[in-house]
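The values are calculated or read from the model by the stated rules, or taken from the named source; none is laboratory data. Note that the structure is a prediction, hence the values are computed from the model and not measured. Positions of Cβ are backbone-derived with ideal geometry, glycine not excepted, and every protein chain shown enters the neighbour counts. Please note that ligands, DNA and RNA were not included when accessible areas were found on the heavy atoms of the full protein model with its side chains. Shrake-Rupley method; radii C 1.70, N 1.55, O 1.52, S 1.80 Å.
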Amino acid sequence: MSNYKTLSGSRSKKQFVMTLVFLFIILGGWLYPVIGYLVPLCMLLGIGLGIAKGRKWCNYYCPRGSFFDTVGKLVSPQRRIPPFLRGMAFRISLLVILIGMMSVQIIRRW
């Protein structure tokens, strides 16, 4: 039990730090758009780490995910995630859509 608490506390601290990174990217990107180039880096790092370590990126380091986990705890009704949202087809489809949208915006704004 104490080992779980240690892991949970470590995760919470990392998520809090990554939440601050996310807010820095969002707010800093407003003032200095070049900061937006960190977003593709985060996506590529997440894909690479996901292939190598599984969900470690999503659970601990993803700035957007950490932000929503941290803030979501405050407003979440604590319901189970619907099964279709947990399916691999949905996950891959969402990833393709997000990368596609990001690519289109990068090409348009280049």
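Here residue 71 clears all of (1) open to solvent by less than 50 Å² (accessible area, probe 1.4 Å); (2) modelled with pLDDT under 80 except the condition numbered (1).
Taking (1) farther than 30 Å from residue 110 by Cα; (2) surrounded by 11 or more Cβ atoms within 10 Å (Cβ to Cβ) in turn, residue 52 satisfies each apart from (2). For the stretch 18-44, the set of residues classified as touching a residue at least 12 places away in the same chain (Cβ under 8 Å) and loosely packed, with under 14 Cβ neighbours inside 10 Å consists of 23, 40, listed by residue number.
If you check 81, 106, 25, 99 for being within 22 Å of residue 12 (Cα to Cα), hydrophobic (A, V, I, L, M, F, W, C) and out of contact with any Leu (no Cβ under 7 Å at 6 or more places or on another chain), only one passes: 81.
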